[in-house]
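Peer 1: Below you will find the structure I want to go over with you.
The values are calculated or read from the model by the stated rules, or taken from the named source; none is laboratory data. Fair warning: this is a prediction, and the values are worked out from it, not measured in the lab. Because the Cβ atoms are built from the backbone with ideal geometry, glycine has one as well, and the counts that use them run over all protein chains shown.
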Amino acid sequence: MDKERIRELARAALEARKRAYAPYSRYTVGAALLDDEGKIYLGVNVENASYGASNCAERTAFFGAVGAGARGFAAIAIAGGMEGSDPVDYAYPCGICRQVMREFCGEDFLVIAAKSESDYQAFPLRELLPHGFGGGNIC
Ligand code: THU
C-alpha cells in the first residue's frame, strides 16, 4: 500500500479518535478501515458503565462497515492514547478485534498502528494472528 494512502488512513484514525466515548478508562481510540472499493469507515471506542458492554474502535468500524454492506477490506489504521494527549505508544488491536479481522479479512490485510501521520508501524494480519481460527474450521 502506498505511503500516501497510509498517511490518509492514519490521519482519519487520529481525527476519529477525538470522538471516542471513553469516560471510564480515559483511553481514547480511533480507527479508519479501508474497504476493497476505497471507502473508509471510521470507528471509536464506546465505553459503558457496565464495562463489559464497551466496544473497541476497530470493532465499531468493522460492524458499521459490514452493516453498510462492505465485505472485502484492505487495511485499518488505529490510533490510541490517553484523552487529551497525542498517542505515546503504537496501539495494536486487542485479541477480540484481531479475531473479528480474521472473520472478514485475508492474511494480507494491513494493520497500521499510528502515533501520527508519519510515525506508524504496519503488519499484515497473518503476523498479528498466526494459526487463527476461522469459518473454514467449522465444517
Ligand atoms: N480499546 C480499543 O478501542 N481498541 C483496542 O484494540 C484495545 C482497547 C479500548 C477499549 C477501552 O475502551 C479502552 O481502549 C481501554 O481498554
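Peer 1: Please go through the stretch 1-35 and give me each residue that is within 11 Å of the ligand (Cβ to nearest atom) and modelled with pLDDT under 95, ordered by number.
Peer 2: None - no residue of the stretch 1-35 is within 11 Å of the ligand (Cβ to nearest atom) and modelled with pLDDT under 95, so the list stays empty.
Peer 1: Would you say GLU58 is closer than 22 Å to GLY95 by Cβ, buried (at least 22 other Cβ atoms within 10 Å of the Cβ), charged (D, E, K, R) and in contact with a strand residue (DSSP E or B) (Cβ under 7 Å, 6 or more places away or on another chain)? Let's see the steps before the verdict.
Peer 2: Values: closer than 22 Å to GLY95 by Cβ: yes; buried (at least 22 other Cβ atoms within 10 Å of the Cβ): yes; charged (D, E, K, R): yes; in contact with a strand residue (DSSP E or B) (Cβ under 7 Å, 6 or more places away or on another chain): yes.
For GLU58, the condition - closer than 22 Å to GLY95 by Cβ, buried (at least 22 other Cβ atoms within 10 Å of the Cβ), charged (D, E, K, R) and in contact with a strand residue (DSSP E or B) (Cβ under 7 Å, 6 or more places away or on another chain) - is met.
Peer 1: Output the residue which, of all residues in the stretch 91-101 that are surrounded by fewer than 18 Cβ atoms within 10 Å (Cβ to Cβ) and in a loop (DSSP other than H, G, I, E, B), is farthest from the ligand (Cβ to nearest atom).
Peer 2: In this case the residue turns out to be TYR92.
Peer 1: Taking the conditions exactly as written (assigned to a loop (DSSP other than H, G, I, E, B), surrounded by fewer than 19 Cβ atoms within 10 Å (Cβ to Cβ), aromatic (Phe, Trp, Tyr) and touching a residue at least 12 places away in the same chain (Cβ under 8 Å)), does PHE123 satisfy them or not? First the steps, then the outcome.
Peer 2: Numbers: assigned to a loop (DSSP other than H, G, I, E, B): no; surrounded by fewer than 19 Cβ atoms within 10 Å (Cβ to Cβ): yes; aromatic (Phe, Trp, Tyr): yes; touching a residue at least 12 places away in the same chain (Cβ under 8 Å): yes.
Judged against the criteria, PHE123 is not a match.
Condition check ((1) crowded, with 19+ Cβ neighbours inside 10 Å; (2) within 16 Å of ILE112 (Cβ to Cβ); (3) touching a Cys at 6+ places or on another chain (Cβ under 9 Å); (4) of a type in the set (Asp, Glu)) across all residues:
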position: GLU4; (1), (2), (3), (4): no, yes, no, yes
position: LEU9; (1), (2), (3), (4): yes, yes, no, no
position: ALA22; (1), (2), (3), (4): yes, no, no, no
position: TYR27; (1), (2), (3), (4): no, no, no, no
position: LEU34; (1), (2), (3), (4): yes, yes, no, no
position: VAL46; (1), (2), (3), (4): no, no, yes, no
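A quick yes/no check of all residues on (1) assigned to a loop (DSSP other than H, G, I, E, B); (2) within 23 Å of LYS18 (Cα to Cα); (3) within 14 Å of the ligand (Cβ to nearest atom):
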| site | (1), (2), (3) |
| --- | --- |
| GLU37 | yes, no, no |
| TYR41 | no, yes, no |
| ALA74 | no, no, no |
| ALA79 | no, yes, yes |
| PRO87 | yes, yes, yes |
| ILE112 | no, yes, yes |
| SER116 | yes, yes, no |
| GLU127 | no, no, no |
| GLY132 | yes, no, no |
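Peer 1: Under 8 Å by Cβ, and 6 or more places apart or on different chains, what pairs join a residue from the stretch 102-113 that is surrounded by fewer than 16 Cβ atoms within 10 Å (Cβ to Cβ) with one that is of a type outside the set (A, V, I, L, M)?
Peer 2: From residues that are surrounded by fewer than 16 Cβ atoms within 10 Å (Cβ to Cβ), the pairs are GLU103/GLY134; GLU103/GLY135; GLU107/PRO124; GLU107/ARG126; ASP108/PRO124; ASP108/ARG126.
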